[in-house]
Structures are given as structure tokens and as C-alpha cells.
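The values are calculated or read from the model by the stated rules, or taken from the named source; none is laboratory data. If you're wondering where the values come from, they're calculated on a predicted model, not measured in any experiment. Cβ atoms come from the backbone with ideal geometry, glycine included; neighbour counts cover every protein chain shown.
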Amino acid sequence: MDTLRRWWDRNWLQVALIGLVISTAWVARQTQGGSLFEVYQLLTRPFQSNPSKQELLTNAKVVEMEAKLQQVEKENQKLRELLGYVAKNQQQAIAAPIVGRGADHWWQQITLGRGSNDGIKEDFVVTAPGGLVGRVSSVTAHTSRVMLISDPSSRVGVMINRSRFMGVMRGKSGNKAVMQFFERVPDVRRGDVVTTSSASELFPSGLPVGRVESVNLSQSPAPEAVIALSAPTSVLEWVAVYPVEKNTDSETSQANSK
Amino acid sequence: MIQISRLPYYGRQMLNWGVTIASVIVCALILPSRLPGMELLGIGPNWLLIWVVAWSVKRSVLQGAIAGLALGLIQDGMTSLHPSHTLSLMCVGILTASLKKQRYVQEDFISVALIVFGMTVVAETVLALQFSLVGDRSLAEIWTDHQQIALSSAILSSLWAPILYYPLNLWWEKMNWIENNA
């Protein structure tokens, strides 16, 4: 007993500090490193680029194509209205700079310099020039963490745009992903454009994802295609964050079931 | 410049811990950044692992394990809770502390770089094993990823290790010297 007390007299500070360190680390874990990312955002703010620079980079061709696309979209909307579709209210995108990459290489994550103070919430959809980037997985006041669609644990419902064959896409590190088809013999070719499918609950339908790079129809249990993702995540500096809108298809089916 | 040796015992201890904890925070903050020259195939050095090695090289197994646990929890918070980094970093702390470096190698820089290289491979292997057990990724993919991640991370971490090891080691040695001569 006496030795224990003498040991305690000598080492109480060490024990207390170890306890403090472990519990602080535990808090950091439970809060998803929230305070760390807040400090990180504060420190990196002077080095973040501003959007005007990015605008300079968009070349004239993109501007021209965007104008054409707008025309087509407008036409499309008018036709939909004629058919009696209810126009979806377009929600404003939140522009956010990418301030950090993944803190480990097993996960494909990025950190954005905007958080709940700017209106970002969990599960918001993140897009960039080129298409879908990922989904917001956690938010602090001024930062948010995005799980990229190239993360091996991400699952996105996708569709071959040309033939409307559907499947599930899971990430493969790098700028690649693997699409697994639902059908045994899908109509798919190299170069086909892949978009999010209307059956996806987490992402709005019709967002461009990438292009088919190679097809393996003999793969078991289901045919697979390797997809090159179109958003160049490794060189991006800014992304757009959208609130999640439930797919109109799934909403109407829910309404019908009620 | 204050004379550290003139500070009272608890003041010195607090200062020592303050510097130590500040170095951990700096490591955690560099982790999500990709500074020029710190990147290979989109992979950066694993700063928290370098810190655990620097800490454990001249300390006991228990101290190494505790450091691994604390930094593992922090890295878990910064990435994803499952699988956990606590296991891999605790392995690193325990193994590094039980290496008894002084007995075999004298030169500090080179041996620390070598230890970091080996420990990165160990840590990534422990993570890959956990991924294999969890089972939400295919085995073939995990182990191809493992090769790429372990190799580039090990090369970069070992090259950058002296930058962190040298000042920290200097500080801890100085504090030790003061404690022993006080």
C-alpha cells in the first residue's frame, strides 16, 4: 500500500496527463476531428484561391457550349410544361473551395472550406465541372468533409445514358470506378456516357458521372464495366454543393403507394 | 528567452507537455494538406505515424502504445471510425519501442528513416487486414491498394521523418538532461 502511494506521489501528474491526452483524443474522434478542421480552415484561408481565377480558366468553348445547353434545357423545360410536368424549383448551389484532401489514403475524401454556417448539411450532393464528385459526410461550422464517389465504400445508382441500362457503381481508388449491371446482358459499349440513375435515392438523377472505359461481360456474379470518372478531383479547387432533392420518380411512387 | 532550467518542476513538465501536444496538433493539421513535393501518386506522408515513431524510439513499450492509441483516435476522427487507426498506430508504437535501437544502430537520421519505412508498411498492413475482415471491399482491390499505398507512403514518410524527428528529439533530450541535472 505504501509503495503504491509513493508511486502515486511520484507519478500522479503523468497519470493525469495521460488520462487527459487519451480523453482529448477520444473527443476528437467522436466529433470527427471537428475542431482540428476548423483550425485547419482558419490557417489555410490566406492560401485559398478565389473563384475569379477559376473563371479565367474556363475557356470560350465551354462558355459557348453552356449557352447552347441552357437553350436546350429551356426548350426541354417548356416541353415538360406542355406535357404537364411540375417544374422542380431549382435550388441555389453553394460554391465551396477544396481546402484539404483525405487524412489517410484508404479513404477518398476531400475537405471543403464551407460548413453549416453557409447552409451545408450532411448528405448534400457535391458536383464540379465534369459531373458528380461525392456526398457531404460530416459538417462543422466552417468546413465539411466529402466522401468522393471514387471511395471504395461509396455506392451510386448509375445508368448507361444511351441504352438506359442500370447498375450500381462502387469506387476504385484513383479516378476510376466499377459499375455492376443488374441485367445479365446489358447493351454497353466503350465510350458510353454514365449518369446517375433515376432509381438512386441519394443523388439527383441525370448527373454526369463518367465514361465507360472497358467492359467485362463475363464477370460473375454480374457483368461489370470500368468507368473513368469525368470530374478531375485531384486538380479541382472549387466545387458546387447542392441540397439533396428526392428523386421525383421515387416521390411519385411513394405518393402512389400512399 | 527564458531559462527553462530555472522554471519550477511542474512548470517545466507543463512546458514539455505543451510542446509535445503542439507538435501533435501540427502533424494532424498537415495531414489533410498536399504541399508541393509532399505527394507521390496523390499520396502524402503519414505524419502521425512519423510522430509515433519519433516518440517511441527512446521510450518504453507502454508509452509507445499510449501514444499510438491517442493519435490513432485522432486520425480515426479525421477519416472514418471503421476500421480503426488505433490498432495500426499502437502496433507501430509497441514495435518501435521494443526495437532497442541503440543496441544495433548509432546513426540517428538513417535509422529513424528506416524504422519509419518499415513501420509504415506494418501500419498499412494492419489496416488492410482490418479491411479484409470488415469485408465491404473486395480482397483483390484491398491488396492492390495496399501495395500502392504502403510503398508510396513508406517512401515519403521515411524521407520526411527527419524533419519532425530532429527538433522533437532535440527538445526531449534537452528536457531529459535538465531533469537529470536539476
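Kindly establish whether residue A:29 is loosely packed, with under 10 Cβ neighbours inside 10 Å, within 14 Å of chain B (Cβ to nearest Cβ) and modelled with pLDDT of 80 or more.
Considered against the rule, which asks whether it is loosely packed, with under 10 Cβ neighbours inside 10 Å, within 14 Å of chain B (Cβ to nearest Cβ) and modelled with pLDDT of 80 or more, residue A:29 comes out as no.
Scan region B:81-98 for residues that are within 13 Å of chain A (Cβ to nearest Cβ) and either over 29 Å from residue A:151 (Cα atoms) or in contact with an Asp or Glu (Cβ under 8 Å, 6 or more places away or on another chain) (or both) and report the count.
Total meeting the criteria: 4.
Only one of (1) under 22 Å from residue B:155 (Cβ atoms); (2) touching a residue at least 24 places away in the same chain (Cβ under 8 Å) fails for residue B:36. Which number is that?
Condition not satisfied by residue B:36: (2).
Within region B:27-48, can you find the residues that are more than 10 Å from chain A (Cβ to nearest Cβ) and either more than 23 Å from residue A:46 (Cα to Cα) or surrounded by 20 or more Cβ atoms within 10 Å (Cβ to Cβ) (or both)?
B:27, B:40, B:45
Could you tell me which residue of region A:132-158 is farthest from the other protein chains (Cβ to nearest Cβ), considering only residues that are surrounded by fewer than 24 Cβ atoms within 10 Å (Cβ to Cβ) and more than 14 Å from the chain's Cα centre (by Cα)?
If we take residues in region A:132-158 being surrounded by fewer than 24 Cβ atoms within 10 Å (Cβ to Cβ) and more than 14 Å from the chain's Cα centre (by Cα), then A:141 is farthest from the other protein chains (Cβ to nearest Cβ).
What are the residues in region A:184-202 that are assigned to a loop (DSSP other than H, G, I, E, B) and of a type in the set (Val, Ile, Thr), if any?
Listed by number, the residues that qualify are A:185, A:188.
Filter region A:32-52 down to the residues that are away from chain B (no Cβ under 11 Å) and assigned to a helix (DSSP H, G or I) and list them by number. Quick ask: steps written out before the conclusion?
Of the residues in region A:32-52, the ones away from chain B (no Cβ under 11 Å) are A:45-46, A:48-52.
Matches in region A:32-52: A:45, A:46, A:51, A:52.
Among the residues of region A:94-131, what is the count of those that are acidic (Asp, Glu), away from chain B (no Cβ under 14 Å) and in contact with a helix residue (DSSP H, G or I) (Cβ under 8 Å, 6 or more places away or on another chain)?
0
Would you mind finding the one in B:113, B:28, B:97, B:22 that is in contact (Cβ under 8 Å) with a residue 40 or more places away in the chain and either within 24 Å of residue B:180 (Cβ to Cβ) or out of contact with any helix residue (DSSP H, G or I) (no Cβ under 9 Å at 6 or more places or on another chain) (or both)?
Working: B:113 fails: either within 24 Å of residue B:180 (Cβ to Cβ) or out of contact with any helix residue (DSSP H, G or I) (no Cβ under 9 Å at 6 or more places or on another chain) (or both); B:28 fails: either within 24 Å of residue B:180 (Cβ to Cβ) or out of contact with any helix residue (DSSP H, G or I) (no Cβ under 9 Å at 6 or more places or on another chain) (or both); B:22 fails: in contact (Cβ under 8 Å) with a residue 40 or more places away in the chain.
Only one candidate qualifies: B:97.
Looking at region B:158-167, which of its residues are surrounded by fewer than 17 Cβ atoms within 10 Å (Cβ to Cβ) and not aromatic (Phe, Trp, Tyr)?
B:159, B:163, B:167
Does residue B:159 qualify as being within 20 Å of residue B:50 (Cβ to Cβ), of a type outside the set (Phe, Trp, Tyr) and either free of Cβ contacts under 8 Å to residues at least 40 places away in the same chain or within 14 Å of chain A (Cβ to nearest Cβ) (or both)?
Taking the combined requirement at face value, the residue does not satisfy it.
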